[in-house]
Amino acid sequence: MIEAMMLLLSALVIVFLAAQMFTNALEWIGEKMGVSEGVTGSVFAAVGTAMPETIVPMVAVLGGGAAVEINHAVGMGAILGAPFMLGTLSLGMMAYFAGRLRGWTDAFKPELTGFRRDINFFLVGYSMAVAVAFLPPAWQIVRVLAALLLFIMYFLYLMATIRASQKLVTEGHATEAEHDLYGAKLFSASTLIASLQLLLALIALVWGARLFVAGAESMSELIGIAALVVSLLIVPVATELPEKVNSILWIRRRRDTLAFGNITGAMVFQGTIIPAIGMLIMPWHIDSSYAVASVALALSGVAWLWFLLKSERLTPVWLMGNAVLYGLFIVMVVVGGGR
């Protein structure tokens, strides 16, 4: 038990530090490129901090050391768990810290065009990805076509976000890097150094992901909980830490566009690109009540976010409802025994 926990803790530290390095380099490049906070938050930072979630399922399926069934369970849990965690716990945690520091009725004010775009693309893309998971196993050609459509959808999302960038910059939403380039502590800051920092961070993410898969498999066996449940709960908690930490820091400084974009932009990536990859490298089907519940709660969390925006109730006290949704899943796991 101690060995498995130490393995998970080591992987957690590696993934967290590597994701910070990745995000730092992307933000630095975003500032140098003169793009908006929308592009940096919803694209650069979101994709950067989503790298662990992208790598974990691929490592689990393609390079895992356990039985094929366990590898697929860990991979599927990591893919489904990321939107679930972001749409419930991440938003709830951000709401909690905002409420403590800014007041529970202080309205959030993200840039609305990009915010709506993120929510709409996620709801459409993720809903399609989930629907495909309930098709008969023999319908593989449909899965391939759906994966292609999801790749195209994310490309269109990128184009729409980038096209809106220049207008947002002129309106005062230009990107400002949170910190100086970390690599500049040893070398002069340049695009080359930033690119090398990205590469090193990516290598560290792969390493940390492999350790985490091994730790999740060991923990599943030791505590008698299904590998899918472990990957739904433990893997996203670790891999989503960069989004949570960055968004909390941004929300404290009232940089709401970056804070929300970091989460909702990651959800678009994880609701389109990652399920598309899953459809191509593993059996894409949902046959667990826990998986179904995580999907339903993720969609409910984003639907609730959409409702708060439409009804002008986007405040910390109302957004805490997303944390309640996460709590419901924990209750379900406890009552069901994790199997």
**OP:** Provide a single number: the residues in segment 109-133 that are among the aliphatic types (A, V, I, L, M) and at pLDDT below 90.
**Re:** 1
Original post:
Out of the residues in segment 290-311 that are in a helix (DSSP H, G or I) and not aliphatic (A, V, I, L, M), which is farthest from the chain's Cα centre (by Cα)?
Top reply: Lys310
Original post:
Out of (1) surrounded by fewer than 15 Cβ atoms within 10 Å (Cβ to Cβ); (2) of a type in the set (A, V, I, L, M, F, W, C); (3) at pLDDT 75 or above; (4) over 18 Å from the mean Cα position of the chain (by Cα), the odd one out for Ile223 is which?
Top reply: (3)
Original post:
Just checking, how many residues over segment 203-220 are closer than 24 Å to Ser247 by Cα and at pLDDT 75 or above?
Top reply: 2
Subject >> Unmet requirement for Leu314, which otherwise passes all of (1) farther than 30 Å from Arg143 by Cα; (2) part of a helix (DSSP H, G or I); (3) touching a residue at least 24 places away in the same chain (Cβ under 8 Å); (4) touching a Phe, Trp or Tyr at 6+ places or on another chain (Cβ under 8 Å) >> reply: (2)
**OP:** Could you run through segment 136-148 and say how many residues are aliphatic (A, V, I, L, M) and in contact (Cβ under 8 Å) with a residue 40 or more places away in the chain?
**Re:** 4
Original post:
Got at least one residue in segment 27-48 being at pLDDT 75 or above, buried (at least 24 other Cβ atoms within 10 Å of the Cβ) and not basic (Lys, Arg)?
Top reply: yes
Original post:
Any residue at all in segment 275-295 that is within 27 Å of Phe155 (Cα to Cα), of a type in the set (Phe, Trp, Tyr), surrounded by 17 or more Cβ atoms within 10 Å (Cβ to Cβ) and at pLDDT 90 or above?
Top reply: no
Original post:
Which pairs do you get when a residue that is of a type in the set (Ser, Thr, Tyr), found in segment 1-23, comes within reach of a residue that is at pLDDT 75 or above, reach meaning Cβ atoms under 7 angstrom, with the pair 6+ apart or on two chains?
Top reply: Ser10/Leu211
**OP:** Quick one: Gly271 ticks every box in (1) at pLDDT below 85; (2) outside any loop (DSSP other than H, G, I, E, B); (3) in contact with a Gly (Cβ under 6 Å, 6 or more places away or on another chain) except a single one, so which number is it?
**Re:** (1)
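Results for (1) farther than 29 Å from Arg143 by Cα; (2) surrounded by 15 or more Cβ atoms within 10 Å (Cβ to Cβ), shown as yes or no for each residue.
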{"position": "Leu297", "(1), (2)": "no, yes"}
{"position": "Asn322", "(1), (2)": "yes, yes"}
{"position": "Ile330", "(1), (2)": "yes, no"}
{"position": "Val334", "(1), (2)": "yes, no"}
Original post:
Do any residues in segment 298-309 that are on the phi < 0 side of the Ramachandran plot have Cβ atoms under 8 Å from those of residues that are surrounded by fewer than 17 Cβ atoms within 10 Å (Cβ to Cβ) and in a helix (DSSP H, G or I), where the two are at least six apart or on different chains, and which pairs are they?
Top reply: Leu299/Ser127; Leu309/Leu112; Leu309/Arg116
**OP:** May I ask you to list pairs of residues, at least six apart or on different chains, whose Cβ atoms are under 7 Å apart, with the first in segment 151-178 being over 16 Å from Gly30 (Cα atoms) and the second being at pLDDT 80 or above and among the charged types (D, E, K, R)?
**Re:** Ala160/Arg117
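Considering only residues that are part of a loop (DSSP other than H, G, I, E, B) and either more than 30 Å from Lys32 (Cα to Cα) or under 20 Å from the mean Cα position of the chain (by Cα) (or both), look in segment 134-185 and name the one that is modelled with the lowest pLDDT.
Here the residue is Glu178.
The values are calculated or read from the model by the stated rules, or taken from the named source; none is laboratory data. The model shown is predicted, which means the values in this text are computed figures rather than measured ones. Cβ sites come from the backbone with ideal geometry, for glycine too, and all protein chains shown count toward neighbours.
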